[in-house]
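Step one of this worksheet: look at the structure below.
The values are calculated or read from the model by the stated rules, or taken from the named source; none is laboratory data. Note that the structure is a prediction, hence the values are computed from the model and not measured. All Cβ positions, even for glycine, are placed from backbone atoms using ideal geometry, and neighbour counts span all protein chains on display. When the accessible area is computed, the model is the full protein with side chains, heavy atoms only, and any ligands, DNA or RNA have been set aside. Shrake-Rupley method; radii C 1.70, N 1.55, O 1.52, S 1.80 Å.
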Amino acid sequence: GYPLTSFKVPYFHNLFHNGSSTATGIVEMYHRLRAKGEIDEEITFIVVSGDGGDDIGMDQVIGAALRNDPFIMLEYDNKGYMNTGGQLCYTGFKGQRNSNAHLGPSQRGKRNHHKDIIEILRGTNPAYLFQAAESNARDMIEKARKAQATVRNGGFAFGKVFSVCPLNWGAEEALGNEIVEKAVDSCVSPLFEIERGVTTLNYDPEKRNKKIPVSELFKIMGRAFSHMTKPDYADLLAEVQAEVDERWARLKVHAENPIL
């Protein structure tokens, strides 16, 4: 379709779960052609995937990280399988309403807590991991530059970005920016990076007196989440808050201790 699409660079459109494997093959062939002198241009390869793609393709993502394949993998996290009607994704919150996780006497939304792919990948010892959000654009740009420098030096870079999905969440479109800000300030989606095992917090809402409870986020995220703020779901909300608090506390300890 190039140049008749919005993409201004060559691209591959593959199955949504095997982006990392596709990139591994392309990058390998690229380096072989450079070694032969058939390509003299330096190219940065980027895989754009969703949290659903990194559920179903988790083994392939881990393989790329373990091999330290030199490309950037970018995951947009919108808490669901949106291309198949808003089905539950492992990144979704406990209690979240999905097309296959209903609310009723026998089921109260998603049954388990949200997956933390950055912490999963920490164990593979990749060159660079980061988490970013649109609300902090300068931070995102700086991390993009670090990611590109990482792959140019022969390493794997993975970034996760919180992504708003008004259609399937039932959120007001005009509240997108506010939702992202609250996701960061509630520590649901903290901003940090891990460079060769060393963790750095890029934004600490506690130190800025901006930290908010998860309930403030769920109130405006739409019908898939807003029920969690009602009395009947107070126990689930408390569970999610406790989980978020524990992960935030653990992340701060990582940042304070480079050996971790």
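Summary of values
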| read-out | value |
| --- | --- |
| Output for the stretch 216-226, where each listed residue is buried (at least 18 other Cβ atoms within 10 Å of the Cβ) and not small (Gly, Ala, Ser) | Leu217, Phe218, Met221, Phe225 |
| Selection within the stretch 102-137 - open to solvent by 60 Å² or more (accessible area, probe 1.4 Å) and touching a Gly at 6+ places or on another chain (Cβ under 8 Å) | His102, Arg108, Asn125 |
| Candidates Val240, Val253, Val198 - the one that is of a type outside the set (S, T, N, Q) and crowded, with 21+ Cβ neighbours inside 10 Å | Val240 |
| Output for the stretch 220-236, where each listed residue is part of a loop (DSSP other than H, G, I, E, B) and touching a residue at least 12 places away in the same chain (Cβ under 8 Å) | Met221, Gly222 |
| Boolean, Asp77 is modelled with pLDDT of 90 or more, within 28 Å of Ser189 (Cβ to Cβ), acidic (Asp, Glu) and in contact with a Phe, Trp or Tyr (Cβ under 7 Å, 6 or more places away or on another chain) | yes |
| Residue in the stretch 68-84 that is most open to solvent (accessible area, probe 1.4 Å), counting only those that are over 20 Å from Tyr11 (Cα atoms) and of a type in the set (Ser, Thr, Tyr) | Thr84 |
| Some residue of the stretch 184-193 being out of contact with any Ser or Thr (no Cβ under 7 Å at 6 or more places or on another chain), hydroxyl-bearing (Ser, Thr, Tyr) and closer than 24 Å to Gly123 by Cβ | yes |
| Residue identified as open to solvent by 50 Å² or more (accessible area, probe 1.4 Å) and touching a Ser or Thr at 6+ places or on another chain (Cβ under 9 Å) among Pro231, Pro213 | Pro213 |
| Output for the stretch 138-159, where each listed residue is among the hydrophobic types (A, V, I, L, M, F, W, C) and buried (at least 20 other Cβ atoms within 10 Å of the Cβ) | Ala147, Val151, Phe156, Ala157, Phe158 |
| Residue among Gln87, Gln96 that alone is of a type outside the set (Lys, Arg) and open to solvent by 30 Å² or more (accessible area, probe 1.4 Å) | Gln87 |
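Residues are listed down the side, and each one gets a yes or a no for (1) in contact with a helix residue (DSSP H, G or I) (Cβ under 8 Å, 6 or more places away or on another chain); (2) closer than 30 Å to Glu239 by Cβ:
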| position | (1), (2) |
| --- | --- |
| Gly37 | no, no |
| Gly50 | yes, yes |
| Gly57 | yes, yes |
| Asp69 | yes, no |
| Gly86 | yes, yes |
| Ser106 | no, yes |
| Arg122 | no, yes |
| Ala127 | yes, no |
| Ala132 | yes, yes |
